[in-house]
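Taking it in order: structure first as structure tokens, then the write-up.
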Amino acid sequence: MPKVVVAGATGGIGTYLVPFLLEKGCVVSNIVRNIEKSKNLFPKVERHIRWSDNGAINSILSDYDVIINLSGASIGTQRWTQSYKEEICKSRVETTRALVEKLNEFVTPKTYISVSAIGFYPNFGDKIIDEATEAGDSFLAKVCVRWEEEALKLWSIHRIVIGRLGVVLKPNDIVLRRMLMSYKFGFGVVIGTGNQWFSWIHIEDLLKAFWFAIENSNVQGVFNFTAPSPVRFSEMIQNVGKILKRPFILNVPEYLVKLIFGERTQMMLSSQRVIPKRLLELDFRFEFETIDKALRNLLN
């Protein structure tokens, strides 16, 4: 079984990925900012290393086969002030640069898996987006471009996988909590027109995609880590209502959403109909292909 380093292990994805890797029989070590939190969450992890401990990071990277970088400040929990926008970018670009520079010192081939996001792509209406689609010009797109540029500085002796993540649906996640909040009052909320495309992936399929990338040497380059069936935002909310047996929907005007959330509304209102073309070409099998199946798994 591979030995895997997870950078940013205590974040929303890492808290699922680390136990998943341990269950697979992997030896896992974490690079984190908060060692005590990592130790409390993952007592079975071999080593917990601080980002500031360069000697320990060099040692662990030398000894391990796979490095997964999940590092980055949350984009959905705080208002995007200028200083926080700088933190969103810095936390991704600088950690990626640090890992890649260290990996380029080794002659033993490694597998480096770096996350990115579908925020890379433009607001594209109804057009289908795959991995060949060019970058957009929004704040998130510019962050993703810089993020991926640092990852692609990895020398060709190593194998690199960049996973552009859709919205990850998982239990008790902020996305689902926000959807469910209004249902306490008996109705669902559609943001703007609701016609914007929503590209998502169930956490279990995301974990499978990481494992697929680890196991298969022909997985290399950029991949969309999204479900094969994106939906319009209104359709997703209607599915939630159907599952909860609360079918009434309320539309919130775009101007009001912008007033409440500021620049973050670009995540909510952008229409990105993303498909995982390259994963499907490699016969990756999704457990949760449809939004209805994913939501029923998470909400029931």
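The values are calculated or read from the model by the stated rules, or taken from the named source; none is laboratory data. Keep in mind that what you see is a predicted model, and the values were worked out from it rather than measured. Methodologically, a virtual Cβ is constructed for each residue, glycine included, from the backbone with ideal geometry; neighbour enumeration extends over all protein chains shown. We work out accessible area using only protein heavy atoms, side chains counted, and drop any ligands, DNA or RNA first. Shrake-Rupley method; radii C 1.70, N 1.55, O 1.52, S 1.80 Å.
Based on this model, can you work out whether PRO19 counts as touching a residue at least 40 places away in the same chain (Cβ under 8 Å) and of a type outside the set (A, V, I, L, M, F, W, C)? Spelling it out, it is not the case that PRO19 is touching a residue at least 40 places away in the same chain (Cβ under 8 Å) and of a type outside the set (A, V, I, L, M, F, W, C). The residues of segment 93-118 that are touching a helix residue (DSSP H, G or I) at 6+ places or on another chain (Cβ under 7 Å) and farther than 26 Å from ASN216 by Cα amount to a single one, VAL93.
Which residues, taken from segment 38-53, are in a loop (DSSP other than H, G, I, E, B) and touching a residue at least 12 places away in the same chain (Cβ under 8 Å)?
First, the residues of segment 38-53 that are in a loop (DSSP other than H, G, I, E, B): 42-46, 51-53.
Matches in segment 38-53: PHE42, LYS44, VAL45, GLU46, TRP51.
Looking at segment 122-178, which of its residues are among the polar types (S, T, N, Q), open to solvent by 50 Å² or more (accessible area, probe 1.4 Å) and in contact (Cβ under 8 Å) with a residue 40 or more places away in the chain? Across segment 122-178, the qualifying residue is only ASN123. State the number of residues belonging to segment 54-86 that are part of a helix (DSSP H, G or I), without any contact (Cβ under 8 Å) to a residue 24 or more places away in the chain and either open to solvent by less than 20 Å² (accessible area, probe 1.4 Å) or more than 30 Å from CYS26 (Cβ to Cβ) (or both). Residues that pass the stated criteria total 5.
Applying the criterion of at least 1 residues that are more than 27 Å from LYS127 (Cα to Cα), of a type in the set (S, T, N, Q) and in contact (Cβ under 8 Å) with a residue 24 or more places away in the chain to the helices (runs of 4 or more DSSP H) found wholly in segment 179-296 leaves an empty list. Remark: GLY241 falls outside the filter, which requires a residue to be open to solvent by less than 50 Å² (accessible area, probe 1.4 Å), closer than 25 Å to ALA135 by Cβ and in contact with a helix residue (DSSP H, G or I) (Cβ under 9 Å, 6 or more places away or on another chain).
If you check SER229 against the conditions, is it open to solvent by 20 Å² or more (accessible area, probe 1.4 Å) and hydroxyl-bearing (Ser, Thr, Tyr)? In short, yes. Scanning segment 177-211 for residues that are within 15 Å of the chain's Cα centre (by Cα) and not aromatic (Phe, Trp, Tyr) yields SER199, ILE201, HIS202, ILE203, GLU204, ASP205, LEU206, LEU207, LYS208, ALA209.
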